[in-house]
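Have a look at the structure below before the remarks.
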Amino acid sequence: MFSAPAVFGEMECIASIPHLESVACLEAVELWAIPAERFLSSLDDSPRLASGLARDLAQRLCIAAQHERSLAFDPVPTRLANMLCTYLDLFFLPTASGARIRIPLSQEELSQSIGVAAKSVGRALRAWLDEGIVAKEGRHFVVCKPDALRALCTAGSLSIAHSTGEGLRRVG
């Protein structure tokens, strides 16, 4: 997940391949499209731009490797906790009952995000609802016990959220 400012499509441009990424916006955005030739010539002309892009791509590669490892080895509740903590970091609103994720999320969307069946996500969510870790307000999740949710995350893992120019962030 990206937060502003973010760049996407640059890997394909540099590698001269068709797009690999699919992008969906969760909030209103301002999008700038840069023609490939102009982008590539800007990289050639600006060592600072090229260096910044190299750092950004390296950070995203680290995040992708961590995410791949999580998909292979972490149980569903851990992967779900990682995902909800990412939403919490990017889209929370403080409320009397906890931290409300301002993006409406369905069980199906969460299951697609972490690559598992909706039933598996439902089991983890029911347990957390029973324990008071999360609650639902309409289509929005409220994290009532953020520390308890973060304790369920992969220890020392990287957040899958990214914003250009930021360093890597740990989840738990």
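The values are calculated or read from the model by the stated rules, or taken from the named source; none is laboratory data. Model, not experiment: these values are computed from the prediction. Heads up, the Cβs are rebuilt from the backbone with ideal geometry, glycines too, and the neighbour counts pull from every protein chain shown. Ligands, DNA and RNA are excluded from the accessible area calculation, which covers all protein heavy atoms including side chains. Shrake-Rupley method; radii C 1.70, N 1.55, O 1.52, S 1.80 Å.
Annotations
- For peptides 134-140, 91-97, 120-126, 146-152, sequence by mean Cβ density within 10 Å, most packed first: 120-126, 146-152, 134-140, 91-97
- Seen against the Cα atoms of the chain and their longest principal axis, helix 118-131 is set at about 50 degrees.
- Within segment 1-49, GluC sites (Glu not before Pro) in DSSP loop having at most 16 other beta-carbon neighbours inside 10 Å: E21, E27, E30
- Accessible area per residue in Å² at 1.4 Å probe, computed on segment 1-119: 64
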